[in-house]
Every structure is written in structure tokens, then in C-alpha cells.
1. Which of the following residues is open to solvent by 30 Å² or more (accessible area, probe 1.4 Å) and either in contact with a strand residue (DSSP E or B) (Cβ under 7 Å, 6 or more places away or on another chain) or in the same structural domain as Gly288 (by the TED database) (or both): Arg76, Arg124, Arg110?
2. His318 versus (1) under 12 Å from Gly190 (Cβ atoms); (2) modelled with pLDDT of 95 or more: which is the lone unmet condition?
3. Would segment 37-54 turn up any residue that is touching a Pro at 6+ places or on another chain (Cβ under 8 Å) and outside any loop (DSSP other than H, G, I, E, B)?
4. Scan segment 63-106 for residues that are of a type in the set (D, E, K, R), assigned to a helix (DSSP H, G or I) and in contact with a helix residue (DSSP H, G or I) (Cβ under 6 Å, 6 or more places away or on another chain) and jot them down.
5. Within segment 28-63, count every residue that is more than 18 Å from Arg84 (Cβ to Cβ) and either touching a Cys at 6+ places or on another chain (Cβ under 8 Å) or in contact (Cβ under 8 Å) with a residue 60 or more places away in the chain (or both).
6. Here is a list: Ala323, Ala287, Ala299, Ala269. Which entry is open to solvent by 10 Å² or more (accessible area, probe 1.4 Å), at pLDDT 95 or above and among the aliphatic types (A, V, I, L, M)?
7. Are any of the residues in segment 153-168 of a type in the set (S, T, N, Q), at pLDDT 95 or above and not assigned by the TED database to the domain that holds Val15?
8. Pick from Glu199, Glu222, Glu165: which is more than 30 Å from Cys309 (Cα to Cα) and among the acidic types (Asp, Glu)?
Amino acid sequence: MAKTLIIRLSAIGDVAMTIPIIYSVARAHPEDAFTVLTQPFLTTLFIHRPENVALVGVDTKGAEHSLWGVVRLALRLAHERFDRVVDLHNVIRSRVIGLVFQLRGVPVYRLDKMRRERRALTARPPKTIRPLRPVTERYADVFRAAGLSFSRTFVSLFAAHPVDEAVISEMAGEKTGHWVGVAPFARHVGKIYPPAQMERVIDLLSGRGEITLFLFGGKGDEQAVLDRWAAARPRVRSMAGRYTLNQELALISRLDVLLCMDSANMHFAALVGTPVVSVWGATHPFAGFYPYGLSPEDAIQEDLDCRPCSTFGDKPCHRGDWACMTRIAPERIVRRVVERLGGVKP
């Protein structure tokens, strides 16, 4: 039996994208043991995992925040006698951990982050953009380089463990018509559709009698906005701040479609096999972060020569007007959602 240490410390969407690959690899090698090193709050994503996958939390804001803390962690992990390290992050912390193992003769295999290609993709115009190799494919490349061949067998977190319908009923009631989720926020402003325009989308969708909307977001300011939108519309419900991540995943698995930004929610939907209509602004699917198993045809984006200007949506707008988002009409988004629902009443 071989033991493999897998490292991916953040961010939530990137960790979510590792799951289809890790689960597929683990199921292809049931005689081996796999340990995933990630932040404690992200371990909740790994539900219904294969029996040979274990989780270890690393507190990058606490004990493992400093370089010495990371070294101490690596020394503790070295006592577990791993046969290989698969670094799916390739940042300073993961490289330090890998170095400790390399000094002990343990092979380390690292993700190609394609930094040079990403810089070319997000450069100011004039430029010619080309799709980069998808991140999930690059994750798979690392495992194959480590000698772990496999086929993609992952379908959904709930494929072999159906959701408890009583839980869904308690959260959302009995399903009538279409259920559509809306996750209008993201970590950075370059990935957020303007709230006033999104509220118009909510109005148009909720005005269709066959659709019930479920709004997803974080606590605090996001929850306040979503609660306000829901309070003014009878077929709109805010789920923000009310349920655990696993409960939200269960509900997302029952949606007919999720409308979202280039955000973690997009990857959550992919993990549970729910169709997604996504809105892209400063970022672009060509950067390789499109979700596992979903159709790029459902990505709504404006064709501008300055796009993409950022890999993560964290840079200021070169133009100063965020045209990549503001030029996308609410009616265009609604039309695509309705098309994804089949365009007819259930």
C-alpha cells in the first residue's frame, strides 16, 4: 500500500475543483491511502468521500501562519511516512512542505500554474487570447506524473448517497414548478454583476409563475441584500446565513439551474450535477477555471478586447466603467436561464 499526501490549502472554489479528481484517483487505487491537507473549514466539502481518503486541517491563520509553523507541520507529517507528495497548490507554504519531504528522499509532484501564460492572457490589448489547459486537467496531470493512472468516474457528491428528501422539504418545502438558485456575489468586484441589474433579473424571473427562486450568499452585507430582495417578492427565498454548507449543497442538488458568477457556488453546483448559467466579467473561462463537467455554452460574457484583465477578478478596471458587466442586459441573462429550463412550463 502506497501513501500519498495531497496539498491544496485554498481557495474554496479551487479546493472544490480538486474533489472530482481526488475521488476518481482514490477509487482507481483502492489499495492506496490518500491524505488531503487543506484548511479546516474546507474539509466539510469532502462529503461521501472514498474510504481511503483522509483529511488533515492546516490553520494558515493560526499555528501554521508563520514559516516555522509550516516547517513544524511538515516535520509532523513526515512521521506519517508518505511515499509521495502531490502538490496541487504550488505556493510558498506547499513548496516548503514539499522541500521537507524532498530532503527525506520523498518525491514531490507539483501543479503547473501556467503563470506566464496567465500573464499573457490578462495583458492589456492588443492581444490574442487562447484557452489555457483547464485546472482540473492540470490536477489530473500531477497525479499521472506521480504514477497514479485513472479514469474520471466522479459524477456527483450524492451519486451513491441520495439526499434526504425530508431535509430538502424542511428547507424549501414541496417542489412545484422550477427551482432556480441565484448566487449573485463573488469575492472580488470584477466578478460581480451590478446589484441593480441583478435585482432586475430577480424581478423578471420571479414574475414567471412557474419559477421559485432561492438566493445564496454569505452572512453580513450579502445576507442583508438577499433578505431585502426576498422580502419584497413572494416566490423568492433567501437562504443566506441559515444553513450549513452541506445543507446548501443538498438544496443546490435539487435545483433545475443555478445562476451565479465566476465563484465558488459555480463549483458547488458542478459537484452535485446541477446545470449552471454563469456570468463572467473581468475573468474568463479561458483561464482554465471553468467548472468540472459543465458546458461552456452556459457562460454569459461580453466580447471586449480588454477581457480578461484579471485571473481572479481582483484588479481595477482599465476602462473605469466595468463594461464587461454593465453591458450584459438582464433580459439576456433571463433568456438564457429560461432556455436552460426548457423554455416551457413544467
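1. Result: Arg110 is the single residue among Arg76, Arg124, Arg110 that is open to solvent by 30 Å² or more (accessible area, probe 1.4 Å) and either in contact with a strand residue (DSSP E or B) (Cβ under 7 Å, 6 or more places away or on another chain) or in the same structural domain as Gly288 (by the TED database) (or both).
2. Single failed check for His318: (2).
3. no
4. Listed by number, the list holds a single entry, Arg93.
5. 4
6. Values: Ala323 fails: open to solvent by 10 Å² or more (accessible area, probe 1.4 Å); Ala287 fails: open to solvent by 10 Å² or more (accessible area, probe 1.4 Å); Ala269 fails: open to solvent by 10 Å² or more (accessible area, probe 1.4 Å).
The match here is Ala299.
7. Looking only at segment 153-168, we keep the residues that are of a type in the set (S, T, N, Q), and these are 153, 156.
Then keep just the ones that are at pLDDT 95 or above; that gives 153, 156.
Adding the requirement that they be not assigned by the TED database to the domain that holds Val15 leaves 153, 156.
Within segment 153-168 (the criterion being of a type in the set (S, T, N, Q), at pLDDT 95 or above and not assigned by the TED database to the domain that holds Val15), the answer is yes, since at least one residue qualifies.
8. Working: Glu199 fails: more than 30 Å from Cys309 (Cα to Cα); Glu222 fails: more than 30 Å from Cys309 (Cα to Cα).
Result: Glu165 is the single residue among Glu199, Glu222, Glu165 that is more than 30 Å from Cys309 (Cα to Cα) and among the acidic types (Asp, Glu).
The values are calculated or read from the model by the stated rules, or taken from the named source; none is laboratory data. In this text the structure is predicted, and so the values were computed from the model without any measurement. Note that each Cβ is placed from the backbone with ideal geometry, even for glycine, and that neighbours are counted across all protein chains shown. Accessible surface areas use protein heavy atoms only, side chains included; no ligands, DNA or RNA. Shrake-Rupley method; radii C 1.70, N 1.55, O 1.52, S 1.80 Å.
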